[in-house]
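Beneath this line is the structure, given in structure tokens, with notes to follow.
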Amino acid sequence: MSRSALGERLGYSRANITAVLNQLLSLNIIEERELGESQGGRRPRTYGLNGTLGFVVGVDIGATSIDLALADFDGTILERLDEPADVRDEPELLLGRAADLIEELLNRQNGRPEQVLAIGIGVPGPVQFDEGVLIAPPLMPAWESFPIKAFMRQRFTAANVAVDNDVNVMALGEASAGAGKGINNFIFLKIGTGIGSGIICRGNIYRGRDGAAGDVGHICIDYNGPVCHCGNVGCLEIMAAGPAIAERGREAAVSGESEFLAEALAANNGLMTAQLVGDAAKAGDRAANEIVKTSGRMIGGMLASLVNFFNPQLILIGGGVSNIGIRLLSAIRQAVLRRSTALSTRHLRIEFSPLGKDAGVMGAIWLALEHTFTVES
Ligand SMILES: [Zn+2]
């Protein structure tokens with residue numbers, strides 16, 4: 001940014017911003033960059049963070065994989081790798097492996113561990129954000145209250161570490177580098193084995209008091225519905241997420257309702273998946289199409305309540321189940337439009353997440369960038 005743009009943004013006088021910039025320049029924290037666009041007169045000098053100061057790291061831990069990236073202070077990815085991982089493993093094991101992989105990425109850039117200034121980590125479970133610990137995580141019980149920040153700081157002594165729920169991190173990825181860029185109020189909805197959302201409110205992640213905001217998968221959509229793994233009945237997640245789609249697909253195959261699905265089931269060694277149901281719907285199978293639409297209607301019905309409550313400008317749909325295609329999206333859109341108020345949908349767009357699988361790791365980098373210069377107690 002130019003000096004005048006920075007001054008405006010911070011509300012500093014010209015003399016003030018010049019003094020601060022000179023100090024940061026002498027400390028080598030910022031550097032001069034190229035000339036910016038002219039605002040009528042001479043083209044102004046711009047400033048940015050010193051690229052040689054160090055690195056930030058994004059770590060996206062999924063249920064079955066780990067995805068890491070090393071980036072500079074502009075959020076540009078320098079190195080990246082991913083590998084299979086089992087989140088049910090002990091945290092020492094998985095995080096130890098993550099630390100080894102970060103060092104491997106550093107080696108490729110001739111970097112050292114103490115040059116990592118921030119690490120952002122996304123995990124598939126509920127996170128108490130200030131402490132950076134998981135609380136009652138259904139997928140990864142061994143991680144309960146494990147001190148992730150302290151563990152990572154043993155290896156990366158100069159790093160601030162921020163830990164957040166994977167869906168919040170994906171929302172942050174879209175807000176910083178995807179379709180949510182410049183949009184102040186939007187919702188990222190992840191549909192996979194479970195359903196969760198990340199809320200961007202006034203340009204920032206909204207986490208609520210304890211970090212639990214956005215856990216929409218356990219909103220009740222049917223008081224007579226099946227029992228969810230959380231103990232309540234009729235949760236959206238148990239009725240509409242990947243496993244529910246797969247189970248309805250299996251029933252359609254076994255009952256003889258869909259020959260297409262019966263063949264798919266046999267070809268996949270008796271294992272039905274949401275993806276197979278989606279493929280069958282794409283191929284024109286009526287039963288599969290109905291199953292996908294049923295899930296879309298349920299998800300859309302829940303989203304309509306969120307839209308009435310929050311009036312977002314955009315809803316982005318991501319996660320593994322979003323791969324099953326446009327029919328799901330159409331059913332969601334229809335249900336939202338039918339059930340939300342007219343004013344709340346006037347400027348609403350509902351789209352698939354453009355970053356897709358990259359939203360997690362991009363978001364983890366931006367989470368790290370947001371915490372690079374915070375002073376932690
Ligand atoms: Zn539930």
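Share of antiparallel DSSP beta bridges in the chain, in percent to the nearest 5?
60 percent
Out of the trypsin sites (Lys or Arg not before Pro) in segment 45-151, which ones are loop residues according to DSSP with at most 14 other C-beta atoms within 10 Å?
Of the trypsin sites (Lys or Arg not before Pro), the ones in loops of segment 45-151 whose Cβ has at most 14 other Cβ atoms within 10 Å are Arg88.
Please compute the modelled spin-label separation between Ile29 and Ser330, points set 7 Å along Cα→Cβ, answer in nm with one decimal.
Between Ser330 and Ile29, the label points sit 5.5 nm apart.
Just how large is the dipole of the chain about the Cα centre, in debye to the nearest 20, putting +1 at every Lys and Arg Cβ and -1 at every Asp and Glu Cβ?
Details: 33 positive and 42 negative charges, 339 e Å.
Using Cβ point charges on Lys, Arg, Asp and Glu, the chain gives about 1620 debye.
Please compute the net charge surrounding Met170, taking Lys and Arg as +1 and Asp and Glu as -1 over other residues with Cβ under 9 Å from its Cβ.
-2
From the phi angles alone, apply the Karplus equation (6.51, -1.76, 1.60; θ = phi - 60°) to segment 297-309 and give each ³J(HN,Hα) in whole Hz, x where the residue is Gly or Pro.
Ordered by residue, 3J(HN,Hα) equals 5, 5, 5, x, x, 5, 4, 4, 5, 5, 5, 4, 7 Hz.
Under a plain spin-label model, where a point goes 7 Å from the Cα along Cα-to-Cβ, how far apart in nm are Glu263 and Glu131?
About 5.5 nm separates the two model spin labels.
Where does the chain land at 222 nm, in deg cm²/dmol rounded to the nearest 500, when only DSSP H runs of n ≥ 4 count, each adding -39500 (n - 2.57), divided by all residues?
-12000 deg cm²/dmol
Of the candidates Ala19, Ala253, Ala162, which one comes out as most mobile in a Gaussian network treatment of the chain with C-alpha springs shorter than 10 Å?
Ala19
Report the net charge of residues surrounding Gly203, where surrounding means a beta-carbon distance below 15 angstrom and charges are Lys +1, Arg +1, Asp -1, Glu -1.
Around Gly203, the charge tally is +2.
Whose amide H sits under 5 Å from the amide H of Gly62, counting only residues 5 or more places off or on another chain, with H placed in the peptide plane?
Sorted by chain and number, the residues that satisfy this are Asp67.
Let me make sure I get this right: for segment 3-52, a, b and c are the square roots of the gyration tensor eigenvalues over alpha carbons, sorted descending. Under 1.5 in a/c it's rounded, otherwise prolate if a/b > b/c, else oblate. Which is it?
Oblate, since a/c reaches 1.5 and b/c is not below a/b.
Report the extension gain between Thr374 and Glu290 in nm, rounded to one decimal, defined as 0.36 nm multiplied by the number of residues separating them, less their alpha carbon distance.
25.2 nm
In sequence order, what are the phi-derived ³J(HN,Hα) couplings for segment 278-295 according to the Karplus relation 6.51 cos²θ - 1.76 cosθ + 1.60 with θ = phi - 60°, rounded to whole Hz, with x for glycine and proline?
These are the phi-based 3J(HN,Hα) values: x, 4, 5, 5, 4, 6, x, 5, 5, 4, 4, 4, 5, 5, 4, 5, 4, 4 Hz.
Over the chain, what is the relative contact order in percent, taking alpha-carbon pairs closer than 8 angstrom and at least six residues apart?
16 percent
Output wanted: per-residue J couplings in Hz (rounded whole) for segment 173-186, from phi through Karplus 6.51 cos²θ - 1.76 cosθ + 1.60, θ = phi - 60°, x for Gly and Pro.
Karplus-based 3J(HN,Hα) across segment 173-186 equals x, 5, 5, 8, 9, x, 6, x, 4, x, 9, 6, 10, 8 Hz.
Report, by chain and number, residues whose modeled amide H sits under 5 Å from the one on Gly318, excluding near sequence neighbours (fewer than 5 apart, same chain).
The answer is Leu189, Lys190, Ile191, Ser353.
All other residues with a Cβ under 11 Å from the Cβ of Arg43 taken together, and with Lys, Arg as +1 and Asp, Glu as -1, what is their net charge?
On the way: positive: Arg42, Arg45; negative: Glu34, Glu37.
Value of the local net charge: 0.
All of the numbers you see were taken from the coordinates with simple rules; none came from a lab. Since the model is a prediction, treat every value here as computed from it, not as a measurement. Using ideal geometry, Cβ is built from the backbone for each residue, glycine included, and neighbour counts are taken over all protein chains shown.
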